[in-house]
1. Checking the condition surrounded by fewer than 21 Cβ atoms within 10 Å (Cβ to Cβ) and touching a Lys or Arg at 6+ places or on another chain (Cβ under 6 Å), which residue from THR250, THR301 passes?
2. Looking only at segment 44-76, which residues are at pLDDT below 95 and among the hydroxyl-bearing types (Ser, Thr, Tyr)?
3. Looking at segment 1-91, what helices (runs of 4 or more DSSP H) fall wholly within it and have at least 2 residues that are open to solvent by 50 Å² or more (accessible area, probe 1.4 Å) and closer than 27 Å to ASN186 by Cβ?
4. Identify, please: which residue in segment 122-138 is among the acidic types (Asp, Glu) and modelled with pLDDT of 95 or more and is, among those, surrounded by the fewest Cβ atoms within 10 Å (Cβ to Cβ)?
5. Please go through segment 289-310 and pick out each residue that is farther than 24 Å from VAL234 by Cα, part of a helix (DSSP H, G or I) and in contact (Cβ under 8 Å) with a residue 40 or more places away in the chain.
6. Considering segment 144-157 alone, what residues qualify as being within 24 Å of ILE107 (Cα to Cα) and in contact (Cβ under 8 Å) with a residue 40 or more places away in the chain?
7. Has segment 110-121 got any residue that is more than 26 Å from the chain's Cα centre (by Cα) and crowded, with 19+ Cβ neighbours inside 10 Å?
8. How do the pairs read when you match residues in segment 6-28 that are over 16 Å from GLY88 (Cβ atoms) with residues anywhere that are part of a strand (DSSP E or B), using Cβ under 6 Å and keeping only pairs 6 or more apart or on different chains?
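The values are calculated or read from the model by the stated rules, or taken from the named source; none is laboratory data. The shown structure was predicted, so the numbers you read here are calculated from the model rather than taken from an experiment. All Cβ positions, glycine included, derive from the backbone under ideal geometry; neighbour counts span all protein chains shown. The accessibility values were calculated without ligands, DNA or RNA, using every heavy atom of the protein model including side chains. Shrake-Rupley method; radii C 1.70, N 1.55, O 1.52, S 1.80 Å.
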Amino acid sequence: MGRPKVSIVVPIYNVEKYLRQCLDSIVNQTLKDIEIICVDDGSTDSSPAIIQEYVEKDDRVKVVTKPNSGYGNSMNRGFDMAEGEYIGIVESDDYAESNMFEVLYRIASKNRLDIIKSGYYFYYSIPKERNEKVEIVSKARENVIFCPATDFKAPMEMVEFFNLKPTIWSAIYRREFIRENNIRFNETPGASFQDASFNFKVMALAKRVQLIRDAFLHYRQDNENSSVNSAGKVFCVCDEYAEMQRFLDTNPVNRGRLECVCKRIKYDSYMWNFERLAPKYKYIFIERAAMEFEEDFEKGTMNPKYFEDYKWKDVKQLVEDPAVYYTRKALNQPGYTSKAVRAIKNSYSYKIGRLITFFPRKFLGGIQSVKDDGIVYTFKLGCKKIARGLSWLKDQKSR
C-alpha cells in the first residue's frame with residue numbers, strides 16, 4: 001500500500017470495555033486506504049492484548065507501546081508516526097460511523113482544506129442507548145471555506161467560533177499543515193483538556209477551514225473518569241491557557257489578532273471548570289482565576305468588545321473582589337449551601353489576605369472602572385461605597 005489517505009490516531013489507556021467497538025468502527029471504514037495508529041499509554045488491563053488481535057488481523061493497524069505519560073504525549077507520538085495526507089483522531093471509548101473518513105477526506109481533498117470539522121453525537125449507553133446529534137454550523141455556512149484568524153469581522157463572531165467545543169476528534173487535519181507549523185499537543189500529565197490548546201493553535205494557523213453539519217463520531221458520555229474530586233486536576237485548564245499564551249507570544253501576528261479572543265474564551269473555560277469542581281476546590285480555583293485575570297487587565301489584553309455586558313461585569317467583579325464573586329457563584333451551585341461560604345469568609349487566612357490586598361484591589365479596580373465607565377461614574381460609585389462603609393461602621397458602634 002502506498003501513502004494512506006488518512007492516518008487515524010487512537011490514544012488508549014485502560015479501555016478494555018469499549019476498545020473493540022472503537023476499533024471495529026475504524027477497521028470497517030468505507031475508506032479503505034487508511035492507517036490506524038494505536039498508541040497504548042501503558043495500559044494495565046487487557047487493552048494491549050485486544051490491540052494485538054487487530055494488529056494480527058489487519059496490516060493497516062500499527063501499535064506504539066510506551067510507559068504511561070499522558071494524553072498529550074500519546075497524541076504527539078501518533079501524529080509523528082502518521083504518514084497519511086490527513087490525520088484523524090478517534091478516542092478509544094468512542095466510535096465512528098463507517099463513512100466518516102470517506103466523507104471528510106473527499107471534501108477536504110476536493111477543497112484543499114487544512115481542516116474539515118463535522119458535527120458529532122453525544123452517545124449514552126446507559127440507562128438505555130441513545131444519541132443526541134450536535135450540529136456545529138448552520139446550513140447557510142456549511143459550504144463556506146474560511147480563515148478563522150482573519151475572516152471574522154465582528155469581535156463576537158470570532159469569540160463564537162473559537163468558543164466552539166474543541167471536538168478535535170470530529171475533524172481531520174492536513175498532515176503537512178501540522179508539520180509545517182510544528183503544532184504539538186501540550187504534554188501535561190494524564191488526560192487533562194489537552195484538546196483545548198491544540199484546537200486553538202490549529203484554528204489560529206489554518207488558512208482553509210470548512211465546517212459541515214453531518215455527524216459521524218459518537219462521543220461517549222458515560223465513561224467520563226471524573227476529575228472533579230482530583231486535587232491534581234484543579235488547575236489543568238490553566239495549563240492549557242498558559243500554553244495558548246506561549247503560542248501567541250511566539251506568533252506576534254496571531255497575538256495581535258487573537259489575544260483578546262483568547263482571554264474571552266479563557267473566562268468561559270474557567271467558569272466551566274469552576275462549576276464542575278468539587279466544592280472543596282472551588283475557592284482556591286477562584287483565587288487563581290482572579291490573579292490571572294488581574295494580570296490580563298494590567299497587560300491590557302482584556303477588551304469589553306469581546307464580552308457580553310453581564311460577563312464583562314462578572315470578570316471585573318472576579319478581579320476586584322473574588323470572595324464576593326465566589327459567594328454569588330457558589331450559592332447558585334446545586335447542593336451547595338452558604339455555610340461553606342461563611343466558613344471561608346470567617347477564616348483568618350481569608351481575612352488576612354483581604355487586608356493585604358485591599359488597597360491594590362481598590363486602586364486597580366478604580367483604574368479599570370475609569371477606563372470602562374468614565375471618571376464621573378467611578379467617582380459616584382466610590383462615594384456610594386464610602387457611604388455604605390461609614391454606615392456599616394456606625395451600625396457596628398451602636399450595637
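1. Working: THR250 fails: touching a Lys or Arg at 6+ places or on another chain (Cβ under 6 Å).
Exactly one of THR250, THR301 is surrounded by fewer than 21 Cβ atoms within 10 Å (Cβ to Cβ) and touching a Lys or Arg at 6+ places or on another chain (Cβ under 6 Å), namely THR301.
2. SER69, TYR71
3. Values: elements: 19-27, 47-57, 71-81.
It comes to 71-81.
4. Taking segment 122-138 first, the residues among the acidic types (Asp, Glu) are 129, 132, 135.
Now drop any that are not modelled with pLDDT of 95 or more, which leaves 132, 135.
On the way: GLU132: 12, GLU135: 15.
In this case the residue turns out to be GLU132.
5. Start the filter on segment 289-310 by keeping residues that are farther than 24 Å from VAL234 by Cα, which leaves 298-301, 303-310.
Pick out the ones that are also part of a helix (DSSP H, G or I) and you get 298-299, 304-306, 309-310.
Passing the criteria: GLU298, PRO304, LYS305, TYR306.
6. So in segment 144-157, the residues within 24 Å of ILE107 (Cα to Cα) come out as 144-152.
Result: VAL144, ILE145, PHE146, CYS147, PRO148, ALA149, THR150.
7. At the first step, the residues of segment 110-121 found to be more than 26 Å from the chain's Cα centre (by Cα) are 110-112.
Now narrow it down to the ones that are crowded, with 19+ Cβ neighbours inside 10 Å: none.
Checked against the condition, which is being more than 26 Å from the chain's Cα centre (by Cα) and crowded, with 19+ Cβ neighbours inside 10 Å, segment 110-121 yields no hits at all.
8. So the pair list comes out as GLN21/TYR95.
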